[in-house]
Amino acid sequence: MSLLAEDTDVADLGLRWKPGFAALGPAFLTHLRPTPLPDPYWVGHSEAVARELGLPADWRQSDITLAALTGSLPIAGTNPFATVYSGHQFGVWAGQLGDGRAIMLGETEGGLEVQLKGAGRTPYSRGGDGRAVLRSSIREFLCSEAMHGLGIPTTRALSVTGSDARVFREEPESAAVVARVAPSFIRFGHFEHFAANQREGELRALADYVIDRYYPACRTTDRFNGNAYAGFLEAVSERTAALLAQWQAVGFCHGVMNTDNMSILGLTIDYGPFQFLDGFDPRHICNHSDTSGRYAFNQQPNVAYWNLFCLAQALLPLIGDQEVAVAALESYKTVFPNAFEARMRAKLGLADSAESDRALIEGALKLLAAGKVDYTIFWRRLSQYMADGNAEPVRDMFLDRAGFDTWLLSFSERHAQSVRSEATGLMLRSNPKYVLRNHLGQQAIEAAGQKDFSGVATLLTLLETPFEEHPGANAYAGFPPDWASTIEISCSS
Ligand code: AMP
Ligand code: MG
């Protein structure tokens, strides 16, 4: 069965496109076509993203769309391209990288860029094959939508399409393409690229483009004597700080926080060896390739700051003064802890703040770490305790019962003036029941390998609204099975 419509040489998705990033010109990108994959099939899709893009209601009915989103058929109105960037990987300057397997279709009139990840080689592929494997594509698809469901800024994913074409990693695997969507895929590494190559004209053009498009308030800022580039750096720092606060509060470990995986818009981007914590371990390393633990869970906020420092260095020729550049990073040190505390207060059901909150938060995290208590289940059970007053299900999670009782006492005292129903509501809105645990993704991936895509669809439904109860789905909200700890997720994708 060939799904390529033989009498059609271009697909019309019913979208209008504009040049977007491509208007920056050839120094920034290379136009090229995706490399077709044979006999594509749907693996997963998001109606929510389709609606945001403005696709017609029947967008999935056509095999032409399927072929187009797999890169096998050109899309009317697009002139695809891959962009160049550089970056620091694991703390070391890696030189030129670039979109080695993500091919940008363009930007829709609604202001969303669409990329096909895994759509073939580009001039930036270096030794790579330009492909993505099914397992990592399912993980990226589900986690993008899970993060969005959690209210965490992220690139989105419209679809995953697969093909039986073989791709070789440690062993042969099947190929897949993720159609991913974001207002911009620009990374810190894009700026580092032009700074490192002393191409100040392009560096300025890129910064001006990003400021005008995404940070227009920097043009009129009073901060830094009206230095728009410093204001821009500060705004990026603050968005990054707010993002990291959300990651830390929800227990999300990114796994590869290289500067080329840092979004200039403060979005979660490039889902590789990520993991939502099971048992709470601040030093957890989710990336099997990260032998030194550079990207351990509790290192993430500092690494983000380190990455911002690289961005500051790249922007220095535009900012013009090292002290101003350093000053523009300063607010990270207050925005991050404040945002983190605010998130944790919400998890605790506290609508206002008190001096003692920090100790309450730290006390909880210390107890969770000591007992490696399941992070997501603890918070959801605590929310339930707020609703029904029964502490046993939470208490049962701790070996150190006395320690927990002491903490619960201060928690209850802090809530003495609270309206219980309001606190419960806040907690249930702040503590998800469903997160994309490794083993859940793994089960969906294994079924998808047998062409059963129902697991992907079920997870998507739960993760799109992770704070809701979803009666009948408790199996997806339980403790991870023993084998979950043996799953090894590396950079191989
Ligand atoms: P990542 O670790 O996924 O962020 O990728 C780092 C760099 O390697 C980026 O420039 C990617 O485009 C590139 N890359 C990763 N995998 C491949 C592949 N299979 N083919 C070509 N380039 C790749
Ligand atoms: Mg990357």
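In sequence order, segment 24-34 has phi-based couplings of 5, x, x, 5, 9, 6, 10, 6, 6, 9, x Hz under the Karplus curve 6.51 cos²θ - 1.76 cosθ + 1.60, θ = phi - 60°, and Gly or Pro positions carry x.
Where Lys and Arg each count +1 and Asp and Glu each count -1, what net charge lies around residue 411 among other residues with Cβ under 14 Å from its Cβ? Provide the component values of the computation, followed by the final result.
Working: positive: 345, 347, 358, 366, 381, 395, 414, 420; negative: 357, 362, 405, 413.
Charge balance in the 14 Å sphere: +4.
Report, in whole Å, the centroid distance computed from the Cα atoms of segment 91-108 and segment 269-346. Between the Cα centre of segment 91-108 and that of segment 269-346, the gap is 21 Å.
Our estimate of slack between residue 334 and residue 388, defined as 0.36 nm per intervening residue step minus the Cα-Cα distance, is 15.8 nm.
Placing a pseudo-label 7 Å from each Cα along the Cα-to-Cβ vector at residue 353 and residue 395 gives an inter-label distance of 3.3 nm.
Rounded to the nearest Hz, the phi-derived 3J(HN,Hα) couplings of segment 441-457 under the Karplus curve 6.51 cos²θ - 1.76 cosθ + 1.60 (θ = phi - 60°) are x, 4, 5, 5, 5, 5, 5, 4, x, 9, 6, 9, 9, 5, x, 5, 5, where x marks glycine and proline. Sites listed here are GluC sites (Glu not before Pro) in segment 101-171 whose DSSP assignment is loop and whose Cβ has at most 10 other Cβ atoms within 10 Å: 170.
Within the set of other residues whose C-beta is less than 9 Å from the C-beta of residue 48, count the net charge using Lys and Arg as +1 and Asp and Glu as -1. Let's see the in-between values first.
Working: positive: 51, 156; negative: 47, 52, 145, 464.
Summing Lys/Arg as +1 and Asp/Glu as -1 gives -2.
At 1.4 Å probe radius, can you tell me the per residue accessible area of segment 371-493 in Å²? Before the final figure, lay out the partial values.
On the way: 6050 Å² over 123 residues.
Accessible surface, normalised per residue, equals 49 Å².
Which of rounded, prolate or oblate describes the chain when judged by the alpha-carbon gyration tensor and an a/c cut-off of 1.5? If you can, show how the numbers build up before the last one.
Working: a/c = 1.88, a/b = 1.25, b/c = 1.50.
Oblate, since a/c reaches 1.5 and b/c is not below a/b.
In segment 251-398, carbon and sulfur make up what percent of the accessible area (probe 1.4 Å)? Accessible surface attributable to carbon and sulfur in segment 251-398 totals 50 percent.
Rounded to the nearest 5, the antiparallel percentage of DSSP beta bridges internal to the chain is 95%. If R0 is taken as 22 Å, the Cβ-Cβ distance between residue 198 and residue 93 corresponds to a FRET efficiency of 0.95. Close amide H partners of residue 374, meaning residues 5 or more places away or on another chain with modelled amide H under 5 Å apart, are 280. Across all directions, the average flat footprint of the convex hull enclosing the Cα atoms of segment 1-152 is 10.3 nm². For segment 348-493, the C-alpha radius of gyration sits at 1.20 times the compact-globule guess of 2.2 N^0.38 Å, with N the residue count.
Listed values for segment 72-89 are Karplus-derived 3J(HN,Hα) couplings in whole Hz (6.51 cos²θ - 1.76 cosθ + 1.60, θ = phi - 60°), namely 9, 8, x, 10, 3, x, 9, 9, x, 7, 10, 9, 9, 8, 10, x, 9, 10, and x replaces Gly and Pro. Taking a Cβ cut-off of under 15 Å around residue 422, the surrounding Lys, Arg, Asp and Glu residues balance to a net charge of +4, with basic ones at +1 and acidic ones at -1.
Find the centroid of the Cα atoms in segment 451-493 and in segment 191-241, then give the distance between the two in whole Å. Each part's Cα centre sits 39 Å from the other's.
Pick out, in residue order, every one of the GluC sites (Glu not before Pro) in segment 327-421 that is DSSP loop and has at most 10 other C-beta atoms within 10 Å; say none if there are none.
Details: sites: 330, 341, 355, 362, 413; in loops: 330, 355.
Loop-located and lightly packed - 355.
Only helices enter this figure: runs of n ≥ 4 DSSP H residues, each worth -39500 (n - 2.57), summed and divided by the residues of the chain, yield -13000 deg cm²/dmol at 222 nm to the nearest 500.
Straight-line cross-link partners of residue 372 among the lysines, defined as a Cα under 24 Å from its Cα and at least 8 positions apart when in the same chain: 347, 433.
Heavy-atom accessible surface of segment 310-369, averaged per residue, reaches 47 Å², computed with a 1.4 Å probe. For segment 370-437, a/c is not less than 1.5, where a ≥ b ≥ c are the root eigenvalues of the C-alpha gyration tensor, and a/b does not top b/c. That puts it in the oblate class.
Annotation: amide H of residue 157 within the under-5 Å range of 145, 181, sequence separation 5 or more or interchain, hydrogens built in the peptide plane. The accessible-area ordering, largest first, of the residues 470, 31, 254 stands as 31, 470, 254, per a 1.4 angstrom probe.
Is the shape of segment 398-444 rounded, prolate or oblate, going by the alpha carbon gyration tensor and its root eigenvalues a ≥ b ≥ c, with a/c under 1.5 for rounded and a/b larger than b/c for prolate?
Working: a/c = 5.93, a/b = 1.55, b/c = 3.81.
In terms of gyration-tensor shape, oblate.
Would you please state which residues of segment 372-416 a label at residue 484 would reach in this model, taking the label point 7 Å out along Cα→Cβ and a backbone N cut-off of under 20 Å? Of the residues in segment 372-416, 372-385, 393-400 have backbone N under 20 Å from the label point off residue 484.
Close amide H pairs (under 5 Å, H built 1.01 Å from N) link residue 44 with 160, residues at least 5 positions away or on another chain. Dipole size of the chain about its Cα centre, with +1 on Lys/Arg Cβ and -1 on Asp/Glu Cβ: approximately 400 debye, rounded to the nearest 20.
The values are calculated or read from the model by the stated rules, or taken from the named source; none is laboratory data. All values reported here derive from a predicted model rather than from experimental measurement. Methodologically, a virtual Cβ is constructed for each residue, glycine included, from the backbone with ideal geometry; neighbour enumeration extends over all protein chains shown. Each accessible area value is taken on the protein alone, full model and side chains, heavy atoms only, with ligands, DNA and RNA left out. Shrake-Rupley method; radii C 1.70, N 1.55, O 1.52, S 1.80 Å.
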